[in-house]
1. Are any residues in region 361-380 within 30 Å of Ser345 (Cα to Cα) and in contact with a Ser or Thr (Cβ under 7 Å, 6 or more places away or on another chain), and if so, which ones?
2. Here are Ser100, Ser83: which of them is modelled with pLDDT under 85, within 21 Å of Ala187 (Cα to Cα) and either assigned to a loop (DSSP other than H, G, I, E, B) or touching an Asp or Glu at 6+ places or on another chain (Cβ under 8 Å) (or both)?
3. Can you give me the number of residues within region 309-325 that are more than 18 Å from the chain's Cα centre (by Cα) and within 15 Å of Ser298 (Cα to Cα)?
4. Could you say whether any residue in region 166-173 is in contact (Cβ under 8 Å) with a residue 40 or more places away in the chain and in a helix (DSSP H, G or I)?
5. Does region 394-410 include one or more residues that are within 23 Å of Val237 (Cα to Cα), assigned to a helix (DSSP H, G or I) and either of a type in the set (Phe, Trp, Tyr) or in contact with a Lys or Arg (Cβ under 6 Å, 6 or more places away or on another chain) (or both)?
6. Restricting attention to region 355-372, which residues are in contact with a strand residue (DSSP E or B) (Cβ under 8 Å, 6 or more places away or on another chain), touching a residue at least 40 places away in the same chain (Cβ under 8 Å) and surrounded by fewer than 20 Cβ atoms within 10 Å (Cβ to Cβ)?
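The values are calculated or read from the model by the stated rules, or taken from the named source; none is laboratory data. Source: prediction; values computed, not measured. A quick note on method: Cβ atoms are made from the backbone with ideal geometry, for glycine too, and the neighbour counts reach across all protein chains shown.
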Amino acid sequence: MHFQTIAPVLGSLALASLVAAVPVQKRGFIAYGDRGDHIKAWQDSSSSSVAPWGSQGTASGGPGGGYPAPTASGSAPQQTGGSAPPTSNSGDDPFKFPLSNGFPVIQAGSPQLNAIEDQAHGLLPNGPPPPTPPADDDLTSLRLIAFNELWEVAFFTELLANITNNVAGYQFQDGAQKQALVNAITAIQAQEELHTLNANNALAHFNAGPIQPCEYIAGVDNLQDAISLASTFTDVVLGTLGDVQTHFGQNGDAGLIRGVAAVIGQEGEQNGFYRSLLGELPSQAPFLTASAREFAFSKLNQQFVVPGSCPNSNTIALPVFGVLNLLTSDVKAQDQSLQFSFSASGQYSKYSSTQGLSLVLINQQNVPVVEPITQAQVAKDGTVNFSANFPFNEFKMHGLTIAVVAQGSSFATVADVAKATVFGPALIEVD
């Protein structure tokens, strides 16, 4: 089985020339290092305006199938194979679309679509779409899904390029192990392309999109950190898609649920693979951590999206919260005090006293845990540093914990937390 071949990969890398992460600006195809300037630039940026996408054609695919797909007004780069990784990306340039096959503009019935489906081991759904347009709130969910999937395509395209091109930090001694991982990431990258087309084709069908790509910075410089990052953002995606399904059900758009459920299972398979590579249990907890659409949208904008690079992300009717930094590294499976910080400057200056604020911890499918903010100190630049308890033992807080600073001290559900959040999320992974 592939698992037996791939499982020792990271151990092999440790014996090769795996380099430690250091705060520099760029190596090979992936940007990484200090995120301070990026976060400041994001906080200072404003929303982008909508840019035209082009004319529409027809394609099968979408959460219910049968959706018209967006097509380019001009000619897209032609390639009969799949999505080849970029051959160069020097300097400090972030990742930019399109891919060499023209993605995200893929024509129905084209050799490019057929090649993507071959690499992904399956087709876009081709059943009939729901007979009526979704609620506006559910169009927001579809836009968020497309927004996230575009980032995932960018990430896995760069990761595949780094491994394929033997970038320092992504090198192997064993060629068979390298090829096994290349095969796995190739499939995942193509599957994420189909996820993107699925959501954007649905938006186009309902005259509500599609979402156009941004520019992205991944922030890692070696395979172990890259796989760890992939596992963490997949954890957030899994929780967020559960929130999306909840909105679909509440809004009477049951026809969209089945397709999202299929993606949840697929992303769960991915994450079990990442966790196995990292030497962790494939399944991290009995019930995965709930999330909210607002948390996913905020984290994507805070950490990965180049400020001002998104042509129409302002059509996604979700807030972007202030950044919450987790200062404690390597959180253990034990009770402890964690250190955090946020910037109480500009529009957030009124929160410098931390009065009325609490740290809220969301783990698995449990009632949110509220912890008081303690030892708060405000620096001259408005940075607020504080501590809060992490009650691991009482709540068995394995897996992903989503931490936010919110107004209030009692919350029954994740949705209640999202409505009161000011800063966050910070993501805590245990085991």
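1. Leu361, Ile362, Asn363, Val370, Glu371, Pro372, Ile373, Thr374, Gln375, Ala376, Val378
2. Just one listed residue meets the conditions, Ser83.
3. So the count comes out to 1.
4. Among the residues of region 166-173, not one is in contact (Cβ under 8 Å) with a residue 40 or more places away in the chain and in a helix (DSSP H, G or I), which makes the answer no.
5. Yes, there is a match, as at least one residue in region 394-410 is within 23 Å of Val237 (Cα to Cα), assigned to a helix (DSSP H, G or I) and either of a type in the set (Phe, Trp, Tyr) or in contact with a Lys or Arg (Cβ under 6 Å, 6 or more places away or on another chain) (or both).
6. Gly356, Gln364, Val370
Quick grid of which residues meet (1) buried (at least 20 other Cβ atoms within 10 Å of the Cβ); (2) in contact with a Leu (Cβ under 9 Å, 6 or more places away or on another chain):
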residue	(1), (2)
Asn165	no, no
Gln179	no, no
Ala199	yes, yes
Ala208	no, yes
Leu223	yes, yes
Asp235	yes, yes
Asp253	yes, no
Val263	yes, yes
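Table: residues versus (1) among the charged types (D, E, K, R); (2) surrounded by fewer than 21 Cβ atoms within 10 Å (Cβ to Cβ).
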residue	(1), (2)
Ser276	no, yes
Gly279	no, yes
Leu324	no, no
Asp330	yes, yes
Leu338	no, yes
Ser349	no, yes
